[in-house]
């Protein structure tokens, strides 16, 4: 190797090191996963320049891989795509937890050709490394060459492995922060928000209405004769019933709506951008569904539950957050007089 080649190699390694340091600093600058993925996309792009690459994370619930970042001509189609564990080269790496360098994917049985067919993309050489935190596989980073780009080598594997090590630590930290944050705002029994956090959300929504206009509604729900369940069946059954009711409510609201266990056997649903007519319609529908649902069926209890609903709207009924909560609560207590009904402020 000539002196000029040595100088060129030295400069390349120095540039790589500088960018790696920048990537390491950037990945410790945020503890929010969505922001972190954006930082990874931006900073890794500096190092990999115009090459095609992707990052897929393991969906812990579904047990498959989801492509979160995809930088390629087919990136928009690849992002959000799911890949079964063990399927394709990325799936193989995730399942085995081992890096893989494939000079010619067409000669490798692990390559999932249907992905290229779906994306109208031609893959030639692949290097993929696991995102590992302790003994857990968080995902896979994959660098892909099209036919005209040639093959990858051990230097590419080394670079991608270093990036993956940085990314895995940052992703794990972001997820741990999210777990802690959720613990502070979530009711342990039902998985819904707790009352304290919902108070903050109501305040934010009221401020939004005051600034930009529009309406919002609150729905208070109080279970009828719930004390009898605890007295007759015991507190363990009562707790399980509350847990199922929380899941029932959470699964029957819109994505933009927010539900909380307010305390004891009371629940609140916050309905952004919803007038009183819309809130009454939603509450009436939920009221009917609740009566028809059979809880604790798997335990042989087969218990049916009714509840009293109270509704208030901002700004139609109230002019402040506290007044809105008070009026919805009062409407619920009026409904409680007859039980199993819906009342509005």
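Here are the numbers for this structure:
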| quantity | calculated |
| --- | --- |
| Mean separation of Cα contacts under 8 Å, 6 or more apart, over the residue count of the chain: relative contact order % | 12 percent |
| Mean-position separation - Cα centroids, region 77-108 and region 319-345, in angstrom | 55 Å |
| Pairwise FRET efficiency - residue 294 versus residue 323, Cβ, R0 = 45 Å, nearest 0.05 | 0.75 |
| Degrees, to the nearest 10: 33-48 long Cα axis against longest axis of the chain | 10 degrees |
| Relative exposure of 277, 79, 179, judged by other C-beta atoms within 10 Å (fewest first) | 179, 277, 79 |
| Projected label distance in nm at residue 235 and residue 185, using a 7 Å step from Cα toward the beta-carbon | 3.0 nm |
| Label-point separation, residue 153 to residue 251 (7 Å along Cα→Cβ), nm | 5.6 nm |
| When region 176-260 is reduced to its Cα atoms, the Kirkwood hydrodynamic radius in Å | 14.8 Å |
| Computed [θ] at 222 nm, deg cm²/dmol, the chain (DSSP H ≥ 4; -39,500 (n - 2.57); rounded to nearest 500) | -16000 deg cm²/dmol |
| Most mobile listed residue (30, 232, 161) in the chain, GNM with C-alpha springs under 10 Å | 232 |
| Debye log10 I(q)/I(0) at q = 0.10, 0.19 Å⁻¹ for region 193-344, Cα point scatterers | -0.34, -1.12 |
| Rule-of-thumb Rg ratio for region 255-324 [Cα; 2.2 N^0.38 Å; N residues] | 1.32 |
| Cα long-axis angle, helix 3-27 against the chain (0 to 90 degrees, to the nearest 10) | 10 degrees |
| Theoretical gain in end-to-end length, residue 118 to residue 273 [0.36 nm per residue, Cα-Cα removed] | 51.9 nm |
| Degrees separating the helix 154-185 axis from the principal Cα axis of the chain, which is the longest one | 10 degrees |
| Rg and Dmax of region 3-182, Cα atoms only, in Å | 16.2, 57 |
| Stretchable slack from residue 208 to residue 104, in nm (0.36 nm times residue separation minus alpha-carbon distance) | 31.9 nm |
| Residues 292, 98 arranged by fewest to most Cβ contacts within 10 Å | 292, 98 |
| Over region 275-316: Rg over Rh, Cα atoms, Kirkwood Rh | 1.18 |
| Computed E for residue 41/residue 285 - FRET, C-beta separation, R0 41 angstrom, nearest 0.05 | 0.50 |
| By average C-beta atoms within 10 angstrom, highest first, the peptides 102-114, 323-335, 214-226 | 214-226, 323-335, 102-114 |
| More than 31 Å apart - percent of Cα-Cα pairs taken over the chain | 53 percent |
| Sequence-separation-based contact order of region 3-182, relative, with Cα cut under 8 Å and 6+ spacing, percent | 21 percent |
| Choice from 47, 294, 198 showing the highest fluctuation, given a GNM over the chain with Cα pairs closer than 10 Å | 294 |
| Of 302, 310, 80, the one that fluctuates the most in a GNM where the chain has Cα springs shorter than 10 Å | 302 |
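FYI, it's all coordinate maths here, none of it is from the lab. All figures in this text were calculated on a predicted structure; none of them were measured in a lab. Reconstructed Cβ throughout: ideal geometry from the backbone, glycine too, with neighbour counts over all protein chains shown.
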